[in-house]
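Presented below is the structure to which this report refers.
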Amino acid sequence: VFNAKTAELLSHHQVELQQKFPKEGWVEQDPKEILKSVHECVERTCEKLQQLNIDITNIKAIGVSNQRETTVVWDKTTGEPLYNAIVWLDLRTQSTVERLLKKIPGKNKSFFKFKTGLPLSTYFSAVKLRWLLDNVKEIKQAVDDGRAMFGTIDSWLIWCLTGGKNGGVHCTDVTNASRTMLFNINSLEWDPELCQFFDIPMEILPKVRSSSEIYGLMVCFLKSGALTGVPISGCLGDQSAALVGQMCFQDGQAKNTYGTGCFLLCNTGQKSVFSEHGLLTTIAYKLGRDKPVCYALEGSVAIAGAVVRWLRDNLGIVKTAQEVEKLAAEAGTSYGCYFVPAFSGLYAPYWEPSARGIICGLTQFTNKNHIAFAALEAVCFQTREILDAMNKDCGIPLNQLQVDGGMTNNKILMQLQSDILCIPVVKPSMPETTALGAAMAAGAAEGVGIWSLNPGDLTAVTCERFEPQINPEESEFRYARWKKAVMKSMGWETSEAPSNGKSE
């Protein structure tokens, strides 16, 4: 909860969601658990506000932000999900992608680039939805019966929070729609040709709205009932929300968010710029029904914070994510060890689904501290690859990088990032810019009007700066070694190999 005049964070609560890995490369979440976590966060945040003697009837608008591409299909008559949500970095659709590629002249991954801004990849929602229609009987049946609704997580939440099966609103915003591969980013409409290509019935798709308007009113579940009737009036995919929260409203302003993955977005204004270097063209925001749409170039890295989680949960070399910083600090260097965390293949700028994670350059001297350091360095090298691609596409090198997200609390990581990019890294004192962006969009909506987005009215944010501390030659040397490691990670997986040594 933010103060609309000062953008000050008043209260918050967060819950870690469980990811399920039913098979290798599969990543799922329970849509009902996601909804329950939202209920819990709202409930607890309101309790905290009351402890601060803030009247919760002062909450005037609600914004929604979500991990994009994650795909859910539910039954509009029962309100129940028909399958777990398939998470953005899930890889089960590799064979679906290969099958679809055969339908494209010359198997060109970028065939739909000028309509969607995206390459054909396991990453985007259309292929996940295609997989669900092909493999889950209940979903196929629900579509045939006219009971199915598709959405990304924002659509699922807005539908549930505005009444669900009793009149819930089925909508999404332009930023989330632009990540499905079914949306034309020029006409701002679902594209019949794309829906036909993926063989997806248009009647299951949500209505597309701007990122800042009243979608519906909260049907409340709080014990106190205090939020009943409050408008839900902001909706942005998480990376767009962070761009808004970082106040990157001018052409050429960029931010990098360090979450599960890493996402660098550069505002390109009212014109869509198409990348020659593996970046995506995406919708940055459309802050009102009558406002212009703004575009962004985006570089996506699948594994950032997830590598720290992997060191904790899979290798068990740390008990908490915070310990990674401590181990890395003890090492002070990776001692020639390089870690390419291509657990879900490589995203930008390679789009290479056949890559897999590798740790190389190991010697008898290497220990867990070096591996922890190499893991943090990997996040920084991946960001550098994207920044290089962005500089080539835009022709204007960034003179500093604005950063946000949970991992920016790691000071070693932020210093490393500045060293590897050879430019300053600037972090706002309040790292939750994704939530802030959603709140700004909600507060600025027509009919709410309590948050001004005029640059003159925006509060200057206090920041922490990290300046480069190593010489550029050393930075270049390490980066070149990293590139060599990336090459070794590619072409590892082939679709011919029987999975797990067993035939399916």
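The values are calculated or read from the model by the stated rules, or taken from the named source; none is laboratory data. Please read all numbers here as calculations on a predicted model, not as lab measurements. Note that each Cβ is placed from the backbone with ideal geometry, even for glycine, and that neighbours are counted across all protein chains shown. Calculation scope for accessible area: heavy atoms of the full protein, side chains included, ligands and nucleic acids excluded. Shrake-Rupley method; radii C 1.70, N 1.55, O 1.52, S 1.80 Å.
Side notes on the structure shown:
- Translational diffusion of the range 59-237, µm² s⁻¹ [Kirkwood Rh, Cα pairs; Stokes-Einstein; 25 °C; 0.890 mPa s]: 147
- The simple spin-label model puts a point 7 Å past each Cα toward its Cβ; for ASN58 and LYS109 those points are separated by 5.0 nm.
- With the alpha-carbon atoms of the range 108-172 aligned to their principal axes, the span from lowest to highest coordinate is 44, 25, 15 Å, starting with the largest.
- Subtracting the Cα-Cα distance of LEU188 and THR462 from their residue separation scaled by 0.36 nm leaves 95.0 nm.
- Proximal lysines relative to LYS392, as straight alpha-carbon distance under 25 Å, when same-chain residues fewer than 8 apart are discounted: LYS109, LYS113, LYS115, LYS255, LYS271, LYS427, LYS483, LYS484, LYS488
- Accessible carbon and sulfur surface of the range 168-219 relative to its total accessible area, %, 1.4 Å: 53
- Within-12-Å neighbourhood charge of LEU100 [Cβ basis; K, R +1; D, E -1]: +3
- The packing ranking of peptides 345-355, 42-52, highest mean first, is 345-355, 42-52, where packing means the average number of other beta carbon atoms within 10 angstrom of each residue.
- Diffusion coefficient, µm² s⁻¹, Stokes-Einstein with Kirkwood Rh over alpha-carbon pairs of the chain at 37 °C and 0.692 mPa s: 141
- Å² of accessible area per residue within the chain, as computed with a 1.4 Å probe and no ligands counted: 42
- Within the accessible area of the range 395-485 (1.4 Å probe), percent carbon and sulfur: 55
- Considering every alpha-carbon pair of the range 21-131, the percent of pairs per 10 Å bin, from zero through the bin containing the longest distance, is 12, 31, 25, 19, 10, 3, 0.
- Whole-Å distance, taken between Cα centres, linking the range 35-111 and the range 256-316: 16
- The range 447-486 - convex hull of alpha carbons, volume per residue in Å³: 172
- C-alpha center-to-center spacing [the range 164-217, the range 370-436] in angstrom: 32
- Kirkwood hydrodynamic radius of the range 345-504, from inverse mean 1/r over distinct Cα pairs, in Å: 18.9
- Bridging of LYS20 to lysines at a Cα separation below 27 Å is possible for LYS32, LYS36, LYS76, LYS128, LYS137, LYS140, LYS165, LYS319, LYS368, LYS502, once same-chain residues fewer than 8 apart are set aside.
- Under conditions of 4 °C and 1.567 mPa s, the range 354-447 yields 81 µm² s⁻¹ as its translational diffusion coefficient, taking Rh as the Kirkwood radius over Cα pairs in the Stokes-Einstein equation.
- Taking one quarter of the surface of the convex hull spanned by the alpha-carbon atoms of the range 185-256 gives a direction-averaged projected area of 8.0 nm².
- By DSSP, the beta bridges lying fully in the chain are antiparallel in about 75 percent of cases.
- Prolate/oblate/rounded call for the range 233-273, Cα gyration tensor, a/c under 1.5 rounded: oblate
- Packing-based ranking, highest mean first, of 302-315, 15-28 given that Cβ atoms within 10 Å are counted: 302-315, 15-28
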